[in-house]
Number of protein chains: 2
Amino acid sequence: MEEPGALMARSIFGVDPLDDFAVLVADCIWEHCRNLSDIEIEAKIGLLIDRNTNERLRLPVYTETVVDAKQLGLRFESNMTMEQHRCFNQLLNHVVAFTASMPPEERVTYRHQREVDYFYDERIPGSGNVVHLRVTRDAVTEQIKPGGVVAKKRIADINVYAPNRPFDYRISINTETPMPPPREGNEPTFVREKDRLSYTHQNINVDLTQVLLPNRVRAPDLSQPREPVHELEVEIRNTVDLMQHAHYYRGQNNSATQDWTPFEDMIMILLNNVRLLIRYVRCKPRD
Amino acid sequence: MEEPGALMARSIFGVDPLDDFAVLVADCIWEHCRNLSDIEIEAKIGLLIDRNTNERLRLPVYTETVVDAKQLGLRFESNMTMEQHRCFNQLLNHVVAFTASMPPEERVTYRHQREVDYFYDERIPGSGNVVHLRVTRDAVTEQIKPGGVVAKKRIADINVYAPNRPFDYRISINTETPMPPPREGNEPTFVREKDRLSYTHQNINVDLTQVLLPNRVRAPDLSQPREPVHELEVEIRNTVDLMQHAHYYRGQNNSATQDWTPFEDMIMILLNNVRLLIRYVRCKPRD
């Protein structure tokens, strides 16, 4: 057996190819976000559901791939079982404990937050337009959180089918524009309670959230028990910094790049976290 | 803009995930080849053709993925236009020139071979069995090439759909078992002429071949002009060494591994070469 190693070139061209998948995601973020501010980029773990069968998508492919959700008639279900939620919680707590004695920049820290989101249809004075506001309050003090009033707008989604894995995932690009609070007397259209464990590591947040889903305030149906939804989101914390890197490396020729830069690498780290969370969690898939 | 770099961890787990795609290919090779010898592992560039439409596969996905060719009703067409062949030739010659002044182990070298394959149905003495033999002769001297008599057997295929690229590719696992020459007087069932440029780099061969396809010897149809087929194959040269690494790293627990070893890395280098050849070649796609 010959010793492999330093002499083994990456290819006849001497290099590894760029990661096509990460470049596609980076291109999409660059194209959609280059002229926007207040950007939110997050990946949600869940299942791609075929609207026709109401079951998980089944494509005759063997490896992870970005799919055309519109053509395939898919919706994304950002949910998991309570048991899966518990497994992610254990895994993440293990990482917190494992990194606790490391230097601060390598530590994964967490905090527990209880929040309530109130959603309003707010009429813009002097126009017929209605804007949808989300007001986030601390569940205990009922104070509005800093930056807690926003108008959220969906910009684009990237849907990833992951055969052989218990979860698919969706990368969402949104804007969350800070807004003044709704006028007094405006009643929320619905309310959502969030019990969230937020794990922070460098420029990444992993949010493990139990959501008590919208109780329609105007017509609450008290006969239906409110089933909590369990969500896991991986978010890029500082998208201003991300987009500064994008502009620095891509702004010159204003087009998709052929180079691997810190911008693509930040996207790669987002993908790394999503993929490893899905692979490392050990629990029974949903039925 | 914050300086990225050394402090940017690969994930909250501190590592990059294993490359799922390369691991799938490595698992497939390990499962099929662990008890075989005389293994040939090669990737052919071409198109995945839908048998129903006779056109290239179109799946609603945006990134390269391994597909289930049986379920999708696909065949693989290992062919390209003469113009594409010429572009690959230029690209590869450029690499030869570029690496010519480098140390020997980094050089890409090439040789030009003209060969003729003769195919025989050979009856095994004392049994009713027929074995298909391929006899490869030098086109000029008509001498049988060293190791030029083999029985080739298809073991498995991995079909890769590459949307947004001009070519798909197929990784084929075959055995080429050395055999004695066919008995005298046995006439070949068909003959295939190969004009091949073989580019060699470390453990990789890139074969760019013009094939004059089978002229049925027993019933030649001289009214049909013989259109040459243009093929590009990337082959692992020393599969004995490859499988020794596989046995060394995977033999212990006899199952798929969770580690990245030189075995997976050799597969990665095969994939790197195929992907970069497809990406770097600049020519008009087939109509």
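Any read-out appearing in this document is the output of simple, stated calculations on the displayed coordinates, not a laboratory observation. Please read all numbers here as calculations on a predicted model, not as lab measurements. Here the Cβ positions follow ideal geometry from the backbone for every residue, glycine too, while neighbour counts run over all protein chains shown.
Multiplying the residue separation of B:ALA139 and B:GLN90 by 0.36 nm and removing their Cα-Cα distance gives an extension gain of 15.2 nm. Bridgeable lysines around A:LYS153 (alpha carbons under 25 Å apart, same-chain partners fewer than 8 residues away excluded): A:LYS44, A:LYS70, A:LYS145, A:LYS194. Contact order, relative form, for chain A: 24 percent (alpha carbon pairs under 8 Å, 6 or more residues apart, mean separation divided by residue count). In terms of overall dimensions, segment A:1-158 has a Cα radius of gyration and Dmax of 22.4, 79 angstrom. At q = 0.13, 0.21 Å⁻¹, what base-10 log of I(q)/I(0) does the Debye formula yield for segment A:150-206 when every alpha carbon is treated as an equal point scatterer in vacuo? Calculated log10 I(q)/I(0) at the listed q: -0.64, -1.19. Each stretch of four or more DSSP H residues adds -39500 (n - 2.57); spread over every residue of chain A, this sum gives -7500 deg cm²/dmol at 222 nm. Determine which residues of segment B:91-133 fall in the zone a paramagnetic label at B:ASN186 would reach in this model, i.e. backbone nitrogen under 19 Å from the point 7 Å along Cα→Cβ. Counting backbone N atoms under 19 Å from the label point, the list is B:116-133. Distance in nm between label sites at B:LEU212 and A:ASP68, each 7 Å beyond Cα in the beta-carbon direction? The modelled label-to-label distance comes out at 4.3 nm. Among B:LEU133, B:LEU18, sorting on how many other beta-carbon atoms sit within 10 Å of each Cβ, with the fewest leading, yields B:LEU18, B:LEU133. Inter-copy label distances for A:GLU40: 5.7 nm (label point placed 7 Å from Cα along Cα→Cβ; shortest first). For the residues of A:12-25, the average number of beta carbons from a partner chain within 10 Å of their own beta carbon is 6. Cysteine residues of chain B whose Cβ has no partner cysteine Cβ closer than 4.7 Å: B:CYS28, B:CYS33. Among A:TYR248, A:TYR120, A:TYR62, the largest mean-square fluctuation in a Gaussian network model of chain A, built with springs joining Cα atoms closer than 10 Å, belongs to A:TYR62.
Here the alpha carbons of the protein assembly as shown define both size measures, Rg and Dmax, at 28.9, 101 Å. The rotation axis that maps chain A onto chain B passes nearest to the beta carbon of this chain A residue, listed with its distance in whole angstrom: A:THR65, 2. Our coupling estimate for segment B:168-185, obtained by passing each phi through the Karplus curve with A = 6.51, B = -1.76, C = 1.60 and θ = phi - 60°, is 8, 8, 10, 9, 10, 10, 10, 10, 10, 7, x, 9, x, x, x, 5, 4, x Hz, Gly and Pro reported as x. Among B:ALA100, B:ALA26, B:ALA246, the largest mean-square fluctuation in a Gaussian network model of chain B, built with springs joining Cα atoms closer than 10 Å, belongs to B:ALA100. Note on chain A: percent of Cα-Cα distances in each 5 Å bin, starting at 0 and stopping at the bin with the largest distance, equals 1, 5, 9, 13, 15, 16, 15, 12, 7, 3, 2, 1, 1, 0, 0, 0. By the beta-carbon count within 10 Å of each Cβ, the least crowded to most crowded order of B:GLU184, B:GLU64, B:GLU42, fewest first, is B:GLU184, B:GLU42, B:GLU64.
Label-point distances for B:HIS94 to the equivalent site in the other copies, using a point 7 angstrom along Cα→C-beta, read 4.8 nm when ranked shortest first. Per-residue mean of foreign Cβ neighbours for B:55-63 is 6 (Cβ atoms of other chains, 10 Å radius). Note on chain B: GNM, Cα springs under 10 Å; of B:VAL23, B:VAL229, B:VAL130, the largest mean-square fluctuation is that of B:VAL130.
Relative to the longest principal axis of the Cα atoms of chain A, helix A:20-33 runs at roughly 40 degrees. Plainly put, the tip 7 Å out from Cα toward Cβ on A:GLU227 is 5.7 nm from that tip on each other copy, the closest given first. Please give the helix B:82-99 orientation as an angle from the longest Cα principal axis of chain B, in degrees from 0 to 90, rounded to the nearest 10. So the helix axis and the longest Cα principal axis differ by about 60 degrees. Exposure proxy ranking for B:ILE39, B:ILE45, based on other Cβ atoms within 10 angstrom of each Cβ and starting from the fewest, stands as B:ILE39, B:ILE45.
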